[in-house]
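Enquirer: Before anything else, here's the structure in question.
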Amino acid sequence: MALHGRQYLNFSSNDYLGLANDPSLKEAAVEAVRQFGAGTGAARLICGSLRPHHELEEALAAFKGTGAALTFASGYATAVGTIPALVGRGDLVIVDRLAHACLVDGARLSGATLRVFAHNDLDALETVLRRADQRAAGSGPSPAPAPGRQRILIVTESVFSMDGDLAPLPELVALKARYGAWLLVDEAHATGLYGAQRRGVAEAEGVASQIEVQMGTLGKALGAAGGFIAGTRVLIDYLVNRARSFMFSTAPVPAAAAAALAALRLVQSDQGRARCAQLWERVRQVASLAGPPTGLSPIFPLILGDEAEALRAAEVLRTRGLFVPAVRFPTVARGAARLRLTVTAAHTAAQVAHLGEALAATGWPPQ
Ligand SMILES: *Cc1c(COP(=O)(O)O)cnc(C)c1O
(Lines give C-alpha, C1' and ligand atoms only; values in the text may rest on other atoms or scores of the structure.)
Protein backbone atom coordinates (compact mmCIF):
# COMPACT_ATOMS: atom_id res chain seq x y z
CA MET A 1 0.00 0.00 0.00
CA ALA A 2 1.08 3.61 -0.60
CA LEU A 3 0.99 6.28 2.12
CA HIS A 4 2.28 9.83 1.60
CA GLY A 5 4.16 8.65 -1.48
CA ARG A 6 5.91 5.75 0.25
CA GLN A 7 5.23 2.05 -0.15
CA TYR A 8 4.38 0.01 2.94
CA LEU A 9 3.72 -3.61 3.61
CA ASN A 10 0.17 -3.59 4.95
CA PHE A 11 -0.53 -5.66 8.07
CA SER A 12 -3.81 -3.96 8.97
CA SER A 13 -6.32 -5.04 6.31
CA ASN A 14 -9.37 -7.24 6.82
CA ASP A 15 -9.02 -8.50 3.25
CA TYR A 16 -8.01 -11.83 4.83
CA LEU A 17 -8.05 -13.94 1.68
CA GLY A 18 -6.51 -11.24 -0.50
CA LEU A 19 -9.61 -11.16 -2.70
CA ALA A 20 -10.07 -7.38 -3.03
CA ASN A 21 -7.49 -7.35 -5.81
CA ASP A 22 -8.28 -10.74 -7.26
CA PRO A 23 -8.75 -10.58 -11.05
CA SER A 24 -12.02 -12.53 -10.89
CA LEU A 25 -13.60 -9.98 -8.53
CA LYS A 26 -12.30 -7.00 -10.45
CA GLU A 27 -13.51 -8.44 -13.74
CA ALA A 28 -16.96 -9.19 -12.28
CA ALA A 29 -17.22 -5.62 -10.97
CA VAL A 30 -16.21 -4.08 -14.30
CA GLU A 31 -18.57 -6.34 -16.21
CA ALA A 32 -21.43 -5.40 -13.86
CA VAL A 33 -20.76 -1.71 -14.47
CA ARG A 34 -20.88 -2.31 -18.22
CA GLN A 35 -24.07 -4.32 -18.03
CA PHE A 36 -26.00 -2.62 -15.22
CA GLY A 37 -24.42 0.82 -14.84
CA ALA A 38 -22.43 2.61 -12.18
CA GLY A 39 -25.38 3.24 -9.87
CA THR A 40 -28.81 1.84 -9.13
CA GLY A 41 -30.87 5.02 -9.01
CA ALA A 42 -33.27 3.98 -6.25
CA ALA A 43 -33.86 1.87 -3.17
CA ARG A 44 -34.26 -1.87 -3.57
CA LEU A 45 -38.03 -1.71 -3.04
CA ILE A 46 -38.51 1.01 -5.67
CA CYS A 47 -36.57 -0.05 -8.77
CA GLY A 48 -33.04 -0.51 -7.44
CA SER A 49 -33.13 -4.31 -7.23
CA LEU A 50 -31.04 -5.67 -10.08
CA ARG A 51 -30.01 -9.15 -11.11
CA PRO A 52 -26.65 -8.98 -9.25
CA HIS A 53 -28.47 -8.32 -5.96
CA HIS A 54 -30.79 -11.28 -6.41
CA GLU A 55 -28.05 -13.61 -7.59
CA LEU A 56 -25.88 -12.61 -4.64
CA GLU A 57 -28.67 -13.21 -2.13
CA GLU A 58 -29.47 -16.63 -3.60
CA ALA A 59 -25.78 -17.52 -3.53
CA LEU A 60 -25.45 -16.33 0.07
CA ALA A 61 -28.41 -18.43 1.21
CA ALA A 62 -26.94 -21.47 -0.56
CA PHE A 63 -23.50 -20.78 0.91
CA LYS A 64 -24.85 -20.37 4.46
CA GLY A 65 -27.33 -23.22 4.10
CA THR A 66 -30.28 -21.02 5.11
CA GLY A 67 -33.69 -20.49 3.55
CA ALA A 68 -32.85 -16.99 2.40
CA ALA A 69 -30.48 -14.03 2.72
CA LEU A 70 -30.74 -10.27 2.48
CA THR A 71 -27.93 -7.87 1.61
CA PHE A 72 -27.38 -4.32 2.80
CA ALA A 73 -25.04 -1.54 1.64
CA SER A 74 -22.68 -2.18 4.55
CA GLY A 75 -22.25 -4.26 7.66
CA TYR A 76 -23.06 -1.16 9.68
CA ALA A 77 -26.35 -0.71 7.83
CA THR A 78 -27.10 -4.40 8.36
CA ALA A 79 -26.89 -4.10 12.13
CA VAL A 80 -28.70 -0.79 12.55
CA GLY A 81 -31.47 -2.03 10.27
CA THR A 82 -31.86 -5.55 11.60
CA ILE A 83 -31.77 -5.15 15.38
CA PRO A 84 -34.50 -2.47 15.56
CA ALA A 85 -36.61 -4.58 13.19
CA LEU A 86 -36.49 -7.50 15.65
CA VAL A 87 -36.84 -5.82 19.03
CA GLY A 88 -38.38 -2.59 20.27
CA ARG A 89 -39.71 -0.90 23.35
CA GLY A 90 -40.60 -3.41 26.05
CA ASP A 91 -38.09 -5.96 24.71
CA LEU A 92 -34.60 -6.77 25.94
CA VAL A 93 -31.40 -6.74 23.92
CA ILE A 94 -28.25 -8.14 25.56
CA VAL A 95 -24.94 -7.28 23.94
CA ASP A 96 -21.38 -8.52 24.58
CA ARG A 97 -19.27 -5.67 25.93
CA LEU A 98 -16.79 -5.94 23.04
CA ALA A 99 -19.38 -6.14 20.27
CA HIS A 100 -18.81 -3.83 17.31
CA ALA A 101 -20.14 -0.26 17.46
CA CYS A 102 -22.78 -0.96 14.80
CA LEU A 103 -24.32 -3.69 16.98
CA VAL A 104 -24.42 -1.35 19.96
CA ASP A 105 -25.90 1.43 17.84
CA GLY A 106 -28.52 -0.94 16.45
CA ALA A 107 -29.43 -2.02 19.97
CA ARG A 108 -29.71 1.59 21.14
CA LEU A 109 -31.77 2.59 18.14
CA SER A 110 -34.21 -0.26 18.74
CA GLY A 111 -35.65 1.32 21.88
CA ALA A 112 -35.42 -2.05 23.66
CA THR A 113 -33.87 -2.18 27.12
CA LEU A 114 -30.13 -2.56 26.54
CA ARG A 115 -28.00 -4.73 28.81
CA VAL A 116 -24.30 -5.29 28.30
CA PHE A 117 -22.59 -8.46 29.57
CA ALA A 118 -18.89 -8.86 30.30
CA HIS A 119 -17.00 -10.12 27.27
CA ASN A 120 -17.69 -13.80 26.58
CA ASP A 121 -18.86 -14.21 30.18
CA LEU A 122 -21.64 -16.82 30.14
CA ASP A 123 -22.39 -16.41 33.86
CA ALA A 124 -22.84 -12.67 33.45
CA LEU A 125 -25.14 -13.27 30.50
CA GLU A 126 -27.16 -15.85 32.40
CA THR A 127 -27.58 -13.43 35.30
CA VAL A 128 -29.24 -10.93 32.94
CA LEU A 129 -31.40 -13.68 31.41
CA ARG A 130 -32.46 -15.01 34.79
CA ARG A 131 -33.51 -11.56 35.97
CA ALA A 132 -35.59 -11.04 32.83
CA ASP A 133 -37.17 -14.45 33.36
CA GLN A 134 -38.09 -13.66 36.96
CA ARG A 135 -39.60 -10.37 35.93
CA ALA A 136 -41.68 -12.11 33.25
CA ALA A 137 -42.79 -14.78 35.74
CA GLY A 138 -43.71 -12.08 38.23
CA SER A 139 -46.03 -10.40 35.78
CA GLY A 140 -48.72 -13.08 35.99
CA PRO A 141 -49.60 -16.49 37.37
CA SER A 142 -49.40 -18.32 34.04
CA PRO A 143 -46.18 -20.26 33.31
CA ALA A 144 -46.90 -20.05 29.59
CA PRO A 145 -45.47 -17.00 27.88
CA ALA A 146 -48.17 -14.38 27.49
CA PRO A 147 -48.88 -13.24 23.96
CA GLY A 148 -46.77 -10.21 23.18
CA ARG A 149 -44.40 -11.19 25.96
CA GLN A 150 -41.03 -9.45 26.08
CA ARG A 151 -38.70 -10.60 23.33
CA ILE A 152 -35.04 -11.16 24.19
CA LEU A 153 -32.23 -10.84 21.64
CA ILE A 154 -28.64 -11.75 22.48
CA VAL A 155 -26.06 -10.07 20.23
CA THR A 156 -22.44 -11.07 19.79
CA GLU A 157 -19.65 -11.55 17.26
CA SER A 158 -18.08 -14.89 16.41
CA VAL A 159 -14.57 -13.48 16.00
CA PHE A 160 -14.05 -10.20 17.84
CA SER A 161 -12.73 -7.48 15.60
CA MET A 162 -10.22 -5.86 17.94
CA ASP A 163 -9.19 -8.84 20.08
CA GLY A 164 -9.30 -11.68 17.57
CA ASP A 165 -10.78 -14.10 20.10
CA LEU A 166 -13.85 -16.28 19.56
CA ALA A 167 -17.26 -16.34 21.21
CA PRO A 168 -18.29 -19.65 22.85
CA LEU A 169 -21.09 -20.25 20.34
CA PRO A 170 -22.26 -23.73 21.47
CA GLU A 171 -22.66 -22.48 25.04
CA LEU A 172 -24.40 -19.30 23.88
CA VAL A 173 -26.80 -21.38 21.78
CA ALA A 174 -27.62 -23.62 24.75
CA LEU A 175 -28.20 -20.62 26.98
CA LYS A 176 -30.43 -18.70 24.60
CA ALA A 177 -32.49 -21.85 23.97
CA ARG A 178 -32.96 -22.37 27.71
CA TYR A 179 -34.32 -18.85 28.15
CA GLY A 180 -36.30 -18.62 24.92
CA ALA A 181 -34.11 -15.82 23.58
CA TRP A 182 -32.96 -15.22 20.03
CA LEU A 183 -29.31 -15.04 19.06
CA LEU A 184 -27.71 -12.71 16.51
CA VAL A 185 -24.11 -13.59 15.63
CA ASP A 186 -22.03 -11.20 13.56
CA GLU A 187 -19.51 -13.25 11.56
CA ALA A 188 -17.83 -10.19 9.98
CA HIS A 189 -14.36 -11.56 10.70
CA ALA A 190 -15.19 -15.23 10.20
CA THR A 191 -17.14 -15.52 6.95
CA GLY A 192 -14.94 -17.26 4.39
CA LEU A 193 -12.41 -18.41 6.98
CA TYR A 194 -13.87 -21.03 9.34
CA GLY A 195 -15.63 -24.35 8.84
CA ALA A 196 -15.32 -27.05 6.19
CA GLN A 197 -17.38 -24.95 3.78
CA ARG A 198 -15.86 -21.72 5.11
CA ARG A 199 -19.26 -20.42 6.20
CA GLY A 200 -17.99 -19.17 9.55
CA VAL A 201 -17.48 -20.19 13.17
CA ALA A 202 -21.11 -21.28 13.53
CA GLU A 203 -20.48 -23.91 10.86
CA ALA A 204 -17.17 -24.95 12.43
CA GLU A 205 -18.94 -25.41 15.77
CA GLY A 206 -21.93 -27.16 14.23
CA VAL A 207 -24.50 -24.71 15.60
CA ALA A 208 -25.40 -22.63 12.54
CA SER A 209 -28.93 -24.01 12.25
CA GLN A 210 -29.65 -22.95 15.83
CA ILE A 211 -28.70 -19.30 15.37
CA GLU A 212 -31.77 -17.32 14.35
CA VAL A 213 -29.95 -14.32 12.89
CA GLN A 214 -26.64 -14.96 11.12
CA MET A 215 -24.93 -11.75 10.09
CA GLY A 216 -21.89 -11.30 7.90
CA THR A 217 -20.11 -8.66 5.89
CA LEU A 218 -18.97 -8.64 2.29
CA GLY A 219 -16.12 -6.16 2.70
CA LYS A 220 -13.66 -8.24 4.70
CA ALA A 221 -12.64 -11.75 3.62
CA LEU A 222 -15.06 -11.48 0.69
CA GLY A 223 -13.12 -8.51 -0.67
CA ALA A 224 -16.10 -6.46 -1.86
CA ALA A 225 -18.53 -4.26 0.13
CA GLY A 226 -21.83 -4.73 1.94
CA GLY A 227 -23.39 -6.74 4.72
CA PHE A 228 -25.94 -9.52 4.96
CA ILE A 229 -28.33 -11.46 7.12
CA ALA A 230 -28.89 -15.16 6.48
CA GLY A 231 -31.86 -16.91 8.05
CA THR A 232 -35.26 -18.37 7.40
CA ARG A 233 -37.43 -17.12 4.55
CA VAL A 234 -39.86 -15.74 7.14
CA LEU A 235 -37.10 -13.73 8.82
CA ILE A 236 -35.81 -12.34 5.54
CA ASP A 237 -39.28 -11.40 4.25
CA TYR A 238 -39.87 -9.66 7.55
CA LEU A 239 -36.61 -7.68 7.30
CA VAL A 240 -37.39 -6.61 3.74
CA ASN A 241 -40.40 -4.74 5.10
CA ARG A 242 -39.04 -3.71 8.50
CA ALA A 243 -35.30 -3.00 8.27
CA ARG A 244 -35.24 0.73 7.65
CA SER A 245 -31.61 0.86 6.48
CA PHE A 246 -32.62 -1.57 3.74
CA MET A 247 -35.91 0.11 2.84
CA PHE A 248 -34.82 3.73 2.82
CA SER A 249 -31.39 3.60 1.24
CA THR A 250 -30.32 3.45 -2.40
CA ALA A 251 -29.49 -0.08 -3.52
CA PRO A 252 -25.78 -0.99 -3.45
CA VAL A 253 -23.94 -0.43 -6.73
CA PRO A 254 -24.09 -3.44 -9.09
CA ALA A 255 -20.28 -3.64 -9.08
CA ALA A 256 -20.25 -4.37 -5.33
CA ALA A 257 -22.88 -7.10 -5.57
CA ALA A 258 -21.18 -8.71 -8.58
CA ALA A 259 -17.76 -8.64 -6.90
CA ALA A 260 -19.20 -10.21 -3.76
CA LEU A 261 -20.85 -12.93 -5.84
CA ALA A 262 -17.54 -13.66 -7.57
CA ALA A 263 -15.89 -13.81 -4.15
CA LEU A 264 -18.48 -16.29 -2.87
CA ARG A 265 -17.89 -18.53 -5.88
CA LEU A 266 -14.16 -18.32 -5.37
CA VAL A 267 -14.39 -19.07 -1.64
CA GLN A 268 -16.44 -22.21 -2.39
CA SER A 269 -13.99 -23.46 -5.04
CA ASP A 270 -10.77 -25.45 -4.66
CA GLN A 271 -8.94 -22.18 -5.07
CA GLY A 272 -10.87 -20.79 -2.09
CA ARG A 273 -9.94 -23.81 -0.02
CA ALA A 274 -6.29 -23.30 -0.94
CA ARG A 275 -6.42 -19.56 -0.13
CA CYS A 276 -7.93 -20.31 3.22
CA ALA A 277 -5.27 -22.93 3.98
CA GLN A 278 -2.63 -20.40 2.97
CA LEU A 279 -4.12 -17.86 5.38
CA TRP A 280 -4.04 -20.29 8.29
CA GLU A 281 -0.46 -21.17 7.47
CA ARG A 282 0.42 -17.45 7.77
CA VAL A 283 -1.62 -17.16 10.98
CA ARG A 284 0.48 -19.95 12.52
CA GLN A 285 3.64 -18.22 11.36
CA VAL A 286 2.63 -14.90 12.94
CA ALA A 287 1.49 -16.67 16.12
CA SER A 288 4.96 -18.19 16.46
CA LEU A 289 6.55 -14.74 16.50
CA ALA A 290 3.89 -12.40 17.92
CA GLY A 291 3.64 -14.30 21.16
CA PRO A 292 0.63 -14.63 23.46
CA PRO A 293 -2.42 -14.15 21.21
CA THR A 294 -3.08 -17.72 20.32
CA GLY A 295 -3.57 -17.53 16.61
CA LEU A 296 -7.22 -18.57 16.61
CA SER A 297 -7.88 -15.84 14.05
CA PRO A 298 -5.93 -13.62 11.63
CA ILE A 299 -6.27 -10.75 14.13
CA PHE A 300 -3.40 -10.24 16.59
CA PRO A 301 -3.93 -7.55 19.21
CA LEU A 302 -0.52 -6.51 20.49
CA ILE A 303 -1.74 -4.82 23.63
CA LEU A 304 0.61 -2.14 24.89
CA GLY A 305 -1.86 -0.37 27.17
CA ASP A 306 -0.44 3.11 26.98
CA GLU A 307 -1.46 5.18 23.94
CA ALA A 308 1.93 6.84 23.53
CA GLU A 309 3.58 3.42 23.67
CA ALA A 310 1.27 2.07 20.97
CA LEU A 311 1.96 5.08 18.75
CA ARG A 312 5.70 4.69 19.27
CA ALA A 313 5.60 1.01 18.31
CA ALA A 314 3.55 1.83 15.20
CA GLU A 315 6.16 4.43 14.27
CA VAL A 316 9.03 1.97 14.69
CA LEU A 317 7.24 -0.43 12.36
CA ARG A 318 6.59 2.35 9.86
CA THR A 319 10.26 3.27 9.65
CA ARG A 320 10.80 -0.37 8.68
CA GLY A 321 8.23 -0.17 5.94
CA LEU A 322 5.36 -1.87 7.77
CA PHE A 323 1.91 -0.42 8.29
CA VAL A 324 0.30 -1.61 11.54
CA PRO A 325 -1.92 1.09 13.04
CA ALA A 326 -2.22 1.88 16.71
CA VAL A 327 -5.81 1.44 17.88
CA ARG A 328 -6.88 3.67 20.75
CA PHE A 329 -9.92 4.83 22.69
CA PRO A 330 -12.81 4.89 21.77
CA THR A 331 -12.29 1.97 19.40
CA VAL A 332 -10.92 0.01 22.37
CA ALA A 333 -11.15 0.70 26.11
CA ARG A 334 -8.91 3.28 27.75
CA GLY A 335 -5.65 1.72 28.86
CA ALA A 336 -5.99 -1.04 26.24
CA ALA A 337 -4.25 0.74 23.35
CA ARG A 338 -2.74 -1.73 20.95
CA LEU A 339 -1.33 -2.48 17.58
CA ARG A 340 -3.98 -4.35 15.68
CA LEU A 341 -2.01 -6.65 13.46
CA THR A 342 -3.73 -8.71 10.80
CA VAL A 343 -2.31 -11.21 8.39
CA THR A 344 -3.76 -12.28 5.04
CA ALA A 345 -3.32 -15.04 2.48
CA ALA A 346 -1.62 -12.47 0.26
CA HIS A 347 1.37 -12.13 2.60
CA THR A 348 4.41 -14.22 1.76
CA ALA A 349 6.42 -16.18 4.33
CA ALA A 350 9.32 -13.76 3.74
CA GLN A 351 7.10 -10.78 4.47
CA VAL A 352 5.96 -12.32 7.72
CA ALA A 353 9.58 -13.05 8.63
CA HIS A 354 10.37 -9.36 8.00
CA LEU A 355 7.45 -8.48 10.27
CA GLY A 356 8.97 -10.65 12.99
CA GLU A 357 12.28 -8.76 12.83
CA ALA A 358 10.52 -5.39 12.90
CA LEU A 359 8.37 -6.46 15.87
CA ALA A 360 11.50 -7.48 17.74
CA ALA A 361 12.83 -3.95 17.15
CA THR A 362 9.75 -2.53 18.93
CA GLY A 363 10.45 -4.80 21.90
CA TRP A 364 7.59 -7.23 21.14
CA PRO A 365 6.84 -9.67 22.63
CA PRO A 366 7.40 -8.09 26.05
CA GLN A 367 9.64 -10.16 28.31
C1 LIG B 1 -16.41 -4.16 10.04
C2 LIG B 1 -17.46 -4.66 10.93
C3 LIG B 1 -18.79 -4.32 10.72
C4 LIG B 1 -19.22 -3.26 9.75
O5 LIG B 1 -19.13 -3.69 8.43
P6 LIG B 1 -18.97 -2.60 7.29
O7 LIG B 1 -19.30 -3.33 6.05
O8 LIG B 1 -17.55 -2.12 7.36
O9 LIG B 1 -19.94 -1.50 7.59
C10 LIG B 1 -19.74 -4.96 11.47
N11 LIG B 1 -19.41 -5.83 12.44
C12 LIG B 1 -18.12 -6.13 12.71
C13 LIG B 1 -17.81 -7.11 13.77
C14 LIG B 1 -17.11 -5.55 11.96
O15 LIG B 1 -15.84 -5.82 12.24
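Enquirer: Relative contact order for the chain: what is it in percent, counting Cα pairs under 8 Å that are at least 6 residues apart? Each step should come with its number before you reach the end.
Expert: Numbers: 727 pairs, mean separation 90.9, N = 367.
In percent, rounded to a whole number, it is 25.
Enquirer: Now for a separate question. Using unit Cβ charges (K, R positive; D, E negative) and no other charged atoms, how large, in debye to the nearest 20, is the dipole of the chain about its Cα centre? Each step should come with its number before you reach the end.
Expert: Values: 35 positive and 31 negative charges, 115 e Å.
Computed charge dipole of the chain: roughly 560 debye.
Enquirer: With the dipole of the chain worked out from charges on the C-beta (+1 for Lys and Arg, -1 for Asp and Glu) around the Cα centre, which of GLY18, ALA69, VAL87 lies farthest toward the positive end?
Expert: VAL87
Enquirer: Which lysines does LYS64 reach when only Cα atoms under 19 Å apart count, and residues fewer than 8 places away in its own chain are ignored?
Expert: Correct list for LYS64: LYS220.
Enquirer: Then there is this: How fast does the chain diffuse by Stokes-Einstein, in µm²/s, taking the Kirkwood radius from C-alpha pairs at 25 °C and 0.890 mPa s?
Expert: 114 µm²/s
Enquirer: Something else about it: In deg cm²/dmol and to the nearest 500, what is the mean residue ellipticity at 222 nm of the chain if only DSSP H runs of at least 4 residues count, each as -39500 (n - 2.57), divided by the residue total?
Expert: Per the formula, -13500 deg cm²/dmol.
Enquirer: In addition: Could you tally the net charge around VAL343, taking each other residue with its Cβ under 15 Å from the Cβ of VAL343, Lys/Arg +1 and Asp/Glu -1?
Expert: +3
Enquirer: Can you tally the net charge around THR127? Count Lys and Arg as +1, Asp and Glu as -1, for every other residue whose Cβ sits under 12 Å from the Cβ of THR127.
Expert: Net of charged neighbours comes to -1.
Enquirer: A further question on this structure: Would you grab the residues whose amide H sits under 5 Å from the one on LEU9? Only those 5+ places off in sequence or on another chain, please, with H modelled 1.01 Å from N.
Expert: LEU322, PHE323
Enquirer: Right, another one. Over the range 150-287, what percent of the accessible surface lies on carbon and sulfur atoms, probe 1.4 Å?
Expert: In the range 150-287, the share of accessible area belonging to carbon and sulfur is 51 percent.
Enquirer: At 7 Å along Cα-to-Cβ for each site, give me the label-to-label distance between ARG108 and MET1 in nm.
Expert: About 2.6 nm separates the two model spin labels.
Enquirer: May I ask you to order 90-98, 312-320, 119-127 by the average number of other C-beta atoms within 10 Å around their residues, highest value first? Display every interim value, and only then the final one.
Expert: Numbers: 90-98: 20.6, 312-320: 17.3, 119-127: 15.7.
Sorting 90-98, 312-320, 119-127 by mean packing, highest first, produces 90-98, 312-320, 119-127.
Enquirer: Right, next: Hey, can you find the accessible area per residue of the chain for me, probe 1.4 Å, expressed in square angstrom?
Expert: Numbers: 15930 Å² over 367 residues.
Heavy-atom accessible area per residue stands at 43 Å².
Enquirer: Could you pull out every one of the aspartates and glutamates with an alpha carbon less than 17 Å from that of LYS26, ignoring same-chain neighbours closer than 8 positions?
Expert: Partners found: ASP15.
Enquirer: Just the C-alpha atoms of the range 220-349: what Rg/Rh do they give, with Rh taken as the Kirkwood radius?
Expert: Dividing the radius of gyration by the Kirkwood radius yields 1.07.
Enquirer: Suppose we look only past 19 Å in the calculated P(r) of the range 141-295. What percent of the Cα-Cα pairs does that tail hold?
Expert: Pairs farther apart than 19 Å: 62 percent.
Enquirer: Now a separate question. Once amide H atoms are built 1.01 Å from N in the peptide plane, which residues 5 or more positions from ALA68, or in another chain, come under 5 Å H to H?
Expert: GLY231, ARG233
Enquirer: Please list, in chain and number order, the residues 5+ apart from GLY18 or on another chain whose amide H is under 5 Å from its amide H, with Hs placed from the backbone.
Expert: ALA345, ALA346
The values are calculated or read from the model by the stated rules, or taken from the named source; none is laboratory data. What you are looking at is a predicted structure, and each value in this text was computed from that prediction instead of being measured. FYI the Cβ positions are ideal-geometry reconstructions off the backbone, even for glycines, and counts take in every protein chain you see. Calculation scope for accessible area: heavy atoms of the full protein, side chains included, ligands and nucleic acids excluded. Shrake-Rupley method; radii C 1.70, N 1.55, O 1.52, S 1.80 Å.
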